[in-house]
Amino acid sequence: MSTADQQTIPEQVRQLEELAKRRGWKIVRTVREVASGAAKRAKRDELLDAARRREFDAILVWKLDRWGRSVADLVATINELTSLGVAFVSFTEALDLSTPSGRALAGMLAVFAEFERDLIRERVRAGLERARRDGTRLGRPPTAATHVKEARALRARDLSHAEIARRLGIGESSVRRILVAAKPARRVASGSRQSGRLPA
C-alpha cells in the first residue's frame, strides 16, 4: 500500500479477500505495508522468503506498484515467483500470471524492463562523460593515501597493522599497501659468470 492509499486500505483488503473467495483460495497471510517509494520493503521481502519456503501458492496485490520498486524489480520478482510455482495476481491491472494472457503480459513487462535498464545505462554513461569533460575526478576517493605519513609513523612505534588501521579508520589491506610501498627497494648484487663467482 502507498501512503496515498492509507484511507482505503480496509477496502482494498476487502476486495482482495472477495477475489480469493471467488477463486476458492484460502488466505493464510494478510500484509498491510505502507510505503512511499521505499527503497526497501521489508514485508514484501518477508513474503518472498515465505514463497521460497512454499508456504502459499499465490500472492494477491492491490496494484503492481505496491509490489515492484521498478519495472526491472517487478519482472525479476515475478519471474522468481513463476519459477517457484507461485501464482501472482494484481487486482487493479487484472494481471493474473496463472492464465495465458497474464503470462503474455509478463513477457511484455520484461521488454519494458530491458528498455528501462537501457535508459539507465545511457544516463549513467552520459553523466560520466559530462563529469570527465568538467574535470571531475571519478572513482573512490584516495582515503588511504592521505594517511601515509601517519601509518609510517605508527609502524615505526611497532604498532600492528590492525592497530594502525583502527587508529586511522582505514582497512588493514590499505595499511599493508602503504607500508609495503614505503619499504626501500632491496639491493641485489649482480655480476658476470666469467670467473664462475659473483662479487663478494
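The values are calculated or read from the model by the stated rules, or taken from the named source; none is laboratory data. Here the structure is a predicted model, which is why all the values come from computation and not from measurement. All Cβ positions, even for glycine, are placed from backbone atoms using ideal geometry, and neighbour counts span all protein chains on display.
Per-structure values
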| read-out | value |
| --- | --- |
| Yes/no for Val75 being in contact with a helix residue (DSSP H, G or I) (Cβ under 9 Å, 6 or more places away or on another chain), of a type in the set (Val, Ile, Thr) and closer than 27 Å to Glu18 by Cβ | no |
| Subset of region 80-93 [touching a residue at least 24 places away in the same chain (Cβ under 8 Å) and surrounded by fewer than 16 Cβ atoms within 10 Å (Cβ to Cβ)] | Glu80, Thr82, Leu84, Gly85, Thr92, Glu93 |
| Pairs, first over 20 Å from Val13 (Cα atoms) and outside any loop (DSSP other than H, G, I, E, B) in region 32-60, second of a type outside the set (A, V, I, L, M, F, W, C) and at pLDDT 85 or above, C-beta under 7 Å, six or more apart | none |
| In region 79-97, residue nearest to the chain's Cα centre (by Cα) [restricted to those that are β-branched (Val, Ile, Thr) and within 16 Å of Arg53 (Cα to Cα)] | Thr82 |
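To keep it simple, each residue is scored yes or no on (1) assigned by TED's automatic domain parsing to the domain that holds Lys43; (2) modelled with pLDDT of 85 or more; (3) part of a helix (DSSP H, G or I); (4) touching a Pro at 6+ places or on another chain (Cβ under 8 Å).
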site: Asp73; (1), (2), (3), (4): yes, no, yes, no
site: Met108; (1), (2), (3), (4): yes, no, yes, no
site: Ala126; (1), (2), (3), (4): no, yes, yes, no
site: Gly135; (1), (2), (3), (4): no, no, no, no
site: Leu154; (1), (2), (3), (4): no, yes, yes, no
site: Ile170; (1), (2), (3), (4): no, no, no, no
site: Arg176; (1), (2), (3), (4): no, yes, yes, no
